[in-house]
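Working notes, beginning with the structure itself.
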Amino acid sequence: MAASLRLLGAASGLRYWSRRLRPAAGSFAAVKPLNFLSGWRRTEARSVASKTPVGFIGLGNMGNPMAKNLMKHGYPLIIYDVFPDACKEFQDAGEQVVSSPADVAEKADRIITMLPTSINAIEAYSGANGILKKVKKGSLLIDSSTIDPAVSKELAKEVEKMGAVFMDAPVSGGVGAARSGNLTFMVGGVEDEFAAAQELLGCMGSNVVYCGAVGTGQAAKICNNMLLAISMIGTAEAMNLGIRLGLDPKLLAKILNMSSGRCWSSDTYNPVPGVMDGVPSANNYQGGFGTTLMAKDLGLAQDSATSTKSPILLGSLAHQIYRMMCAKGYSKKDFSSVFQFLREEETF
């Protein structure tokens, strides 16, 4: 099964991300309910639950602030990251650092994973020192990575065999929302277990939405990110055209944001340097959501579109643009750097 999972990971547009990549900033078959576990979670007092350690695997630019928000809500952490330096500030704060995902599973029965790719998630769960090596029966495993929905479904099957519960809960909102605890979680899994997942996810997000069976959370995230990529490219093109026509960029942004072209990419995350403060475009496109990860997510959308025979004409073009950006040296910049890419590519 581990081999088949790895094949799924390779087939999901991850040929270029076979090793863990950090965000430059910083995505089922239904599982049978474990009724006795659901009842225990519902009756367990929140004050007691807050003293029960939570495992957290993946302390990248998204995982780091997410874990910190769990700490703020009183949850002791059992943590692991493939990069030991990422764990240092947590260790200094008194949290327990272990040497593998299996060790996390041995010490915690509620675990959140936040990893960049399908391959990373497969390794964390099914690898030689993965969670499934030491997972306890009745454990709740929540994966907030953005990965192939088919991989989530396969992982859920393997987790169920071990008597545990798997839910996919990818996030939207970026690093800023992760820091402020205002992420949106899109959750797929057994509905009877949603309340237990919501208890933890609500510490890190202001919106926790149940989407359906395992894999539907990933489906929602993939669709959202495809639209985000398209709207960001559209915003960058409109701003670039307006500037070359002689418009002041701040004035143009103001007009767009009071008109029908308004979108998140224009009014909250504008890609033009100098238009907004506190966004990656104001910091040479550092921080935020990396171009590499956007290209990865668009690859997932492309694979899903192929498998469902769904036309995604603009989604496919966006995928090609972000792959081109990665090849042109933008891989570690925020995905809003598509504005800079358009400005510099005279052949476009």
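The values are calculated or read from the model by the stated rules, or taken from the named source; none is laboratory data. What you are looking at is a predicted structure, and each value in this text was computed from that prediction instead of being measured. We work out accessible area using only protein heavy atoms, side chains counted, and drop any ligands, DNA or RNA first. Shrake-Rupley method; radii C 1.70, N 1.55, O 1.52, S 1.80 Å.
The table for this structure:
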{"quantity": "Gyration tensor (Cα) of the range 95-165, equivalent ellipsoid semi-axes in angstrom", "calculated": "17, 14, 10"}
{"quantity": "Whole-Å distance, taken between Cα centres, linking the range 212-257 and the range 94-112", "calculated": "38 Å"}
{"quantity": "Members of LYS134/LYS332; LYS72/LYS133; LYS153/LYS221; LYS68/LYS161; LYS296/LYS328 lying beyond 26 Å, as alpha-carbon distances in this model show", "calculated": "LYS134/LYS332; LYS72/LYS133; LYS68/LYS161"}
{"quantity": "Which of CYS326, CYS203 is most accessible, then next, and so on - probe 1.4 Å", "calculated": "CYS326, CYS203"}
{"quantity": "³J(HN,Hα) computed for each position of the range 171-188 - Karplus, 6.51 cos²θ - 1.76 cosθ + 1.60, integer Hz, glycine/proline x", "calculated": "10, 9, x, x, 5, x, 5, 5, 5, 7, x, 10, 5, 9, 9, 10, 10, x"}
{"quantity": "Relative contact order, percent, the range 264-305 [alpha-carbon distance under 8 Å, six or more residues apart]", "calculated": "20 percent"}
{"quantity": "Sequence-separation-based contact order of the range 220-342, relative, with Cα cut under 8 Å and 6+ spacing, percent", "calculated": "33 percent"}
{"quantity": "When the convex hull of its Cα atoms is projected in every direction, mean area for the range 123-239 (nm²)", "calculated": "8.1 nm²"}
{"quantity": "Accessible-area ranking of TYR210, TYR75, largest first, probe 1.4 Å", "calculated": "TYR210, TYR75"}
